[in-house]
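A quick write-up on the structure given underneath.
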Amino acid sequence: MLVAFDFDGTITDRDSLQDFIRRMRGWPVCIRAYLACVPRFLVWDRGPLRRQAIKHCFLRSALGGLSRAQVQALADVYVRDYLPRILRPEMMERVRAHRERGDTVLLVSASPSIYLQLWAHEQGMAQVLATDLAFDEHKGCRGLASANCWGEEKVRRLQAWLGDKPVELDMAYGDSPGDGPMLAHTRQPWLRGRDAALPRMEG
């Protein structure tokens, strides 16, 4: 089967990006990054472009000046020491069950690939479709290098990964409106808060 998992709020019990910045950069940097985003929060548009602009601003403020190697070093520590604390046990068991069945498991997330790639590799996932960071040789992290992988962008990423094949997932797991478009292309979708029981794994 082809199976996709959202990450934040689905596999984790909180937003991993904010947790990453708070733990690895500290509260002062985190608060400064929030304040830098205030003008973006005041924009009337509530669509995906506003969400992307806020994330771009937040990351540029929180990680600006750090090279790719420096951010990767922080990501390595976060995945090893902190990320396990926010994982939902029942979802980790579901990931393991799919992997043991031989299913193709994808992680499709709006969070940064720089730490999700490492974590997903450890879990035996086939691919990570996530948000990439931009780095400048002299100025370090400059925010987003790709579109924020949220909403319809999740379907576009899946289509790019599948090539000529249509986006047809056997199972997908999500927790928010941002997962809606992906779940709409799924035979057995599961949305936290709407569906009480996890879908039955047949076969």
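The values are calculated or read from the model by the stated rules, or taken from the named source; none is laboratory data. In this text, all values refer to a predicted model and were calculated from it rather than measured experimentally. Backbone-built Cβ (ideal geometry, glycine too); neighbour counts: all protein chains shown. Just the protein is used for accessible areas: all its heavy atoms, side chains included, with ligands, DNA and RNA removed. Shrake-Rupley method; radii C 1.70, N 1.55, O 1.52, S 1.80 Å.
With the contact rule set at Cα under 8 Å and sequence spacing of 6 or more, what percent relative contact order holds for the range 138-203?
Working: 66 pairs, mean separation 17.5, N = 66.
Here the relative contact order equals 26 percent.
For the chain, the share of accessible area belonging to carbon and sulfur comes to 52 percent (1.4 Å probe, ligands and nucleic acids excluded). When only Cα pairs below 8 angstrom with a gap of at least 6 residues are kept, the range 1-137 shows a relative contact order of 33 percent. Taking a point 7 Å out from the Cα of Ala97 in the direction of its Cβ, the residues of the range 165-180 whose backbone N falls within less than 16 Å of it are 170-174.
Summing Cβ point charges (Lys, Arg +1; Asp, Glu -1) relative to the Cα centre of the range 1-115 gives a dipole of roughly 420 debye. Taking Lys and Arg as +1 and Asp and Glu as -1, the other residues whose beta-carbon sits under 14 Å from that of Val29 total +4.
If a/c stays under 1.5 just call it rounded; otherwise compare a/b with b/c (prolate if a/b is bigger, oblate if not). Do that for the chain, with a ≥ b ≥ c from the square roots of the Cα gyration tensor eigenvalues. Here the chain falls in the prolate category. With a simple spin-label model that places each label point 7 Å from the Cα along the Cα-to-Cβ direction, the separation between Asp76 and His138 comes to 2.8 nm. Residues whose amide H falls under 5 Å from that of Asp175, counting only those 5 or more places apart or on a different chain, are Arg192, with hydrogens built in the peptide plane.
Normalised per residue, the accessible area of the chain is 50 Å², obtained with a 1.4 Å probe and no contribution from ligands, DNA or RNA.
Using just the helices of the chain, give the 222 nm mean residue ellipticity in deg cm²/dmol: DSSP H runs with n ≥ 4 each add -39,500 (n - 2.57), and the total is spread over all residues, rounded to 500.
Working: 9 runs with 88 residues, N = 203.
The per-residue figure over the chain is -12500 deg cm²/dmol.
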